[in-house]
1. Say we look at the stretch B:40-69 and pick out the residues that are in contact (Cβ under 8 Å) with a residue 24 or more places away in the chain, at the interface with another protein chain (Cβ under 10 Å from one of its Cβ atoms) and not hydrophobic (A, V, I, L, M, F, W, C); which of these is farthest from residue B:126 (Cα to Cα)?
2. Does residue B:174 satisfy being in contact with a Ser or Thr (Cβ under 6 Å, 6 or more places away or on another chain), surrounded by fewer than 23 Cβ atoms within 10 Å (Cβ to Cβ) and either farther than 23 Å from residue B:68 by Cβ or not aliphatic (A, V, I, L, M) (or both)?
3. List every residue pair whose Cβ atoms lie under 8 Å apart, where the two residues are 6 or more positions apart in sequence or sit on different chains, the first residue falls within the stretch B:150-175 and is at negative phi, and the second residue, located anywhere, is in a strand (DSSP E or B) and of a type in the set (Gly, Ala, Ser).
4. If you check B:47, B:74, B:30, B:9, which single one turns out to be surrounded by 13 or more Cβ atoms within 10 Å (Cβ to Cβ) and at pLDDT below 90?
5. Does residue A:99 count as touching a residue at least 24 places away in the same chain (Cβ under 8 Å) and surrounded by 18 or more Cβ atoms within 10 Å (Cβ to Cβ)?
6. What do you reckon, is residue B:121 modelled with pLDDT of 95 or more and not β-branched (Val, Ile, Thr)?
7. Is the stretch A:83-90 home to any residue that is without any contact (Cβ under 8 Å) to a residue 40 or more places away in the chain, among the acidic types (Asp, Glu), closer than 25 Å to residue B:177 by Cβ and in contact with a strand residue (DSSP E or B) (Cβ under 8 Å, 6 or more places away or on another chain)?
8. May I ask you to say which residue of B:160, B:140 is acidic (Asp, Glu) and in a strand (DSSP E or B)?
Amino acid sequence: MAATTVAKRTQSIDRILSELMSLRGVTSAALVDADGFVTHIRKDFEIDSDALGAAVQIMFGAATRSAQHVQQESTNMVVSENREGLMMVAPLAAGFTLALVADKNAMLGSIRFEVKETLPVLSRILGESASARG
Amino acid sequence: MASDYDAAGGLLVQSILAGDTKVDNRERLGAKVPIQLFQAMRLVALGSAMEDMIGDGSRALVYQAGQRLGNVLGGAVMPQAEGDLDKYVGLIQGVTQELGIGFVVIDKVDLDAGEINMHLDECVSCAGITGMSAPICNFEAGMVGGLIKTFVGRSVKAVETRCHAIGDKTCGVDVKIL
């Protein structure tokens, strides 16, 4: 893939992650590939991105398997509500997942709405890039 | 606070680096176990069983587990390597050979481009395994990633590009320094 295309794609993804970061309470937004690597991240605090990436894939994988066990088919989103905030993980194209971390000020409804709006856009960018790699 | 697994892992690494040939409470059976037992742990416990529970998340978990081991082993030999990559690789080759993990061979090092390619002959995970549809040594790829990450002090992505289990003669791992 041409370097300019990669740069353009990275720019688009970074812009989308920055927009998600502008939502109230969101402290981190990341794309994680199928192997658990964080490929793009915007964050307000220091994170061990290797550990985050693996944990996100494990979290999503466990939820997906649980859903299958109770015949609820595919998993569209996983939300973990924690004492100090929340985490939201949603699947994208080509095995990627979107992970958001938010603090206690976050409004779950508005984040969920924005994420649902954003997923097709990110999936299109990632899908195009996967096709280009062949 | 360190968990019991962390503490046990620490003792294990000390024992490995000390080259202990005797293990307490293994007077009759000794320190070695059959390769099939390791492969059962790796491919069943840390493979199909994990896949059953967490699906595709198992790839990330197994890679991370390997990377953790690579970090620990790399960290333990780093002081002796004195910042010299050749020395570091030599020490790692000694440990991996001694433990029967395999023979580590470096194919290419281009630190300016952030690329290191290597292969592992007689890989402990896939020796004797054939007919798979994709490489299965994600743990070893993670371990290589952890070793390189420890040396360069940056995040890396290691990918298994060749595997005996899919018909290659050796297991190849390409490392990209991020």
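The values are calculated or read from the model by the stated rules, or taken from the named source; none is laboratory data. These numbers come from a predicted model, not from an experiment. Virtual Cβ from ideal backbone geometry, glycine too; neighbours counted across all protein chains shown.
1. B:68
2. yes
3. Once the first residue is at negative phi and sits in the stretch B:150-175, its partners that are in a strand (DSSP E or B) and of a type in the set (Gly, Ala, Ser) give B:160/B:172; B:161/B:172; B:162/B:172; B:163/B:172; B:173/B:158; B:174/B:158; B:175/B:158.
4. None of the others qualify; the one that does is B:9.
5. The answer is yes for residue A:99.
6. Judged against the criteria, residue B:121 is a match.
7. No, the stretch A:83-90 contains no residue that is without any contact (Cβ under 8 Å) to a residue 40 or more places away in the chain, among the acidic types (Asp, Glu), closer than 25 Å to residue B:177 by Cβ and in contact with a strand residue (DSSP E or B) (Cβ under 8 Å, 6 or more places away or on another chain).
8. Unique residue meeting the criteria: B:160.
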